[in-house]
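The values are calculated or read from the model by the stated rules, or taken from the named source; none is laboratory data. These figures come from a predicted structure and were not determined experimentally. Backbone-built Cβ (ideal geometry, glycine too); neighbour counts: all protein chains shown. The area values use the complete protein model at the heavy-atom level, side chains included, leaving out ligands, DNA and RNA. Shrake-Rupley method; radii C 1.70, N 1.55, O 1.52, S 1.80 Å.
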Amino acid sequence: MKLIFEKSKSSRGCAILPPCDVPDVPISPGFAREKPPAFPCVDENEISRHYSALAKRSFGLNDGFYPLGSCTMKYNPKVNEEIARLPGFADLHPLQPPHTVQGCKEILDIAARCLQEISGMDAMTFQPAAGAHGELTGLLLFKKYHQSRGEGRNKIIIPDSAHGTNPATAAMAGFEVVNIASGPDGCVDLAALKAAVGPDTAGLMLTNPNTLGLFDPNILEITAVVHEAGGLNYYDGANLNAIMGIVRPGDMGFDAVHLNLHKSFSTPHGGGGPGSGAVGCKKDLVPFMPLDGTSLGGADSPLSIGRVRSFNGNFLVVVRAAAYLLSLGKEGIPEAARNAVLNANYLMEKLRPKMPPAYDGPCMHEFVISLEKLKASRGVSALDMAKALQDKGMHPPTIYFPLIVHEALMVEPTETESKETLDAAAEAFLSLYEEAEKNPESLRSAPKTAAIGRPDDVRAARQPVVKYG
Ligand SMILES: *Cc1c(COP(=O)(O)O)cnc(C)c1O
């Protein structure tokens, strides 16, 4: 498909303006461009067709089932959007006098109080722009905490099932990463953890349920081992959708968390849209929270890590989360979590005859299948399966993650899918599995219906071209 710049013809345009009725004011040379900006010259009809063609080439939640593991692609109620677009929120200027924005402060306060209650934390900041940014904020809190006690603890322990952002964050925050292998049950190997902790342990980063969709039965012992060694526990809250309103990271022994508001609390995400990685912490860490950014208000502490982002971060994502929290309420939030777990277990059981989970036992909000056997016997990979699922009208699951499962398919149906949708998805998976056994080539040559077949992922990541001309 041609870029809109390639459709440009210098004589075209779509503005019909009356003659200018005010005198031209010359712009002082220092401020004027030397040549006009290179906007594409296209007529209105062409613009409309161009963007509608682009929209048809993408796949979003409104197009079909989207079980992208770890990403919580749940339905985002449209009322959240309407509320975030109210002029009182959307047209706000961040430097407006405080007395004109008290309503917005109230929204931040409501969201903070709800999320503190759900996470079991004592304070919350909305500055971090996404989960990974929240991780960085949390680890900077850990760093300052240890420094303030005159301790040079420099190691962060991370299990091998972790999201790639965890070790990347720890390294970026200046820590040394200590990887520990998961046990045969897919959970933290307590013996390995006990062997890894020591006087240089700054903390542990963990998501629970973990990326295999398993709730660690030893969670209290795990966090206690780290505390006893003088370290702190960081909770990667990306999987909160499984437990929100039921159990709390604060009660599991975690000292700081980030919550991906765009995942669990319902803001459309993916494709680089705005997110919010709200960070909560326990009392002892509050003095280190970002400047001007905590729910507690009051004077900023001299021990603060400083600002991690301007103002209150992506405020409109917090507005959506607040709308979601208030509309679901105390009963609705845990019900959403229970249904997320129910849907995942339902789909997992439907797939079990041909595609059993890589780690057995009931799952939480997601489960992971390995196609290792199919790859060995028929040469059909997780990537081939993902491409073939596109031809069945659904978004593929996450593939090749977590790294500890070979040929992984990570499936997270979320709570907002009906039984009919889950049944149809199970049928799609199972029929493709049978097809792979009989006619592997048909999967290797998939997708047949998608706008883009098999792009060169490696080149796209290594040599991205993000600008025209
Ligand atoms: C999504 C995710 C993250 C990172 O969150 P972003 O908002 O994408 O930065 C971290 N850990 C896990 C387990 C995740 O699923």
Quiz prompt | region 421-428 - phi-based ³J(HN,Hα) in whole Hz, Karplus 6.51/-1.76/1.60, Gly and Pro as x | solution = 5, 5, 4, 5, 5, 4, 4, 5
Quiz item: Any idea what the relative contact order of region 1-116 is, in percent, if you count C-alpha pairs under 8 Å spaced at least 6 apart?
Solution: 24
Quiz prompt | Sequence ranges 252-263, 127-138, 16-27, 215-226, ranked by mean other-Cβ count within 10 angstrom, highest first | solution = 252-263, 127-138, 215-226, 16-27
Self-check item: Most positive-pole-ward Cα, PHE288, ALA170, ILE118, against dipole of the chain from beta carbon charges
Solution: ALA170
Exercise. Using all C-alpha to C-alpha distances in region 1-57, build P(r) with 5 Å bins and read off the rounded percent in each one.
Key: 4, 14, 18, 16, 17, 13, 10, 6, 3, 0
Quiz item: Looking at the chain, what % of its DSSP beta bridges pair antiparallel, to the nearest 5?
Solution: 55
Practice problem: Could you go through region 170-185 in sequence order and give the Karplus-derived ³J(HN,Hα) for each residue, using 6.51 cos²θ - 1.76 cosθ + 1.60 with θ = phi - 60°, rounded to whole Hz, and x for Gly and Pro? | Solution: 4, 5, 5, 7, x, 9, 9, 8, 10, 7, 10, 6, 6, x, x, 8
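So, with +1 on the Cβ of K and R and -1 on the Cβ of D and E, and no other charges, what is the size of the charge dipole of region 1-92 about its Cα centre, to the nearest 20 debye?
Taking the Cα centre of region 1-92 as origin, the dipole is about 480 debye.
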Exercise. Tell me the label-point distance for the pair GLU441, GLU82, using the 7 Å Cα-to-Cβ offset, in nm and rounded to one decimal.
Key: 5.4
Quiz item: Given region 332-459, what count of lysine pairs have C-alpha atoms under 20 Å apart, with each pair 8 or more places apart or on different chains?
Solution: 19
Quiz item: What Kirkwood radius, in Å to one decimal, follows from the Cα pairs of the chain?
Solution: 24.5
Quiz item: If you take the Cα atoms of region 73-180, find Rg, then find the Kirkwood Rh from the mean of 1/r over all pairs, what is Rg/Rh?
Solution: 1.07
Practice problem: Select from region 24-80 those GluC sites (Glu not before Pro) which occupy a DSSP coil region and have at most 10 other Cβ atoms within 10 Å, ordered by residue number. | Solution: GLU34
Practice problem: May I ask you to compute the full-extension gain from HIS99 to ASN179, defined as 0.36 nm times their residue separation minus their alpha-carbon distance, rounded to one decimal in nm? | Solution: 23.9 nm
Exercise. Skip the ligands, DNA and RNA, and give the accessible area per residue of the chain with a 1.4 Å probe, whole Å².
Key: 49
Quiz item: Considering only DSSP beta bridges with both partners in region 80-324, what is the antiparallel share in %, to the nearest 5?
Solution: 40
Quiz item: Label points 7 Å out from Cα along the Cβ direction at GLU221 and LYS467: separation in nm?
Solution: 5.5
Quiz item: Which of the peptides 379-388, 49-58 is most tightly packed, and how do the rest follow, going by the mean number of other Cβ atoms within 10 Å of each residue?
Solution: 379-388, 49-58
Self-check item: Length added when fully stretched, LEU3-ASP63, from 0.36 nm per residue minus Cα-Cα
Solution: 19.2 nm
Self-check item: Cross-link partners of LYS283 among lysines (Cα-Cα below 17 Å; sequence separation of 8 or more within a chain)
Solution: LYS143, LYS144
Self-check item: Contour minus Cα-Cα distance for TYR400 and ALA15 (0.36 nm per residue)
Solution: 133.7 nm
Quiz item: Ranked from highest to lowest mean number of other Cβ atoms within 10 Å per residue, what is the order of the peptides 358-369, 186-197?
Solution: 358-369, 186-197
Practice problem: For the chain, give the percent of accessible area contributed by carbon and sulfur heavy atoms, probe 1.4 Å, rounded to a whole number. | Solution: 57
Quiz item: Hey, what do the phi angles of region 79-92 turn into as Karplus ³J(HN,Hα) couplings, whole Hz, using 6.51/-1.76/1.60 and θ = phi - 60°, x for Gly and Pro?
Solution: 4, 4, 5, 4, 5, 5, 8, 4, x, x, 9, 5, 9, 5
Quiz item: Does a label point 7 Å from the Cα of ASP91, set along Cα-to-beta-carbon, have any residues of region 300-344 with amide nitrogen under 20 Å, and which are they?
Solution: 315-317, 319-320
Exercise. Note the direction-averaged projected area, equal to a quarter of the hull surface, for the Cα convex hull of region 332-459, in nm².
Key: 8.5
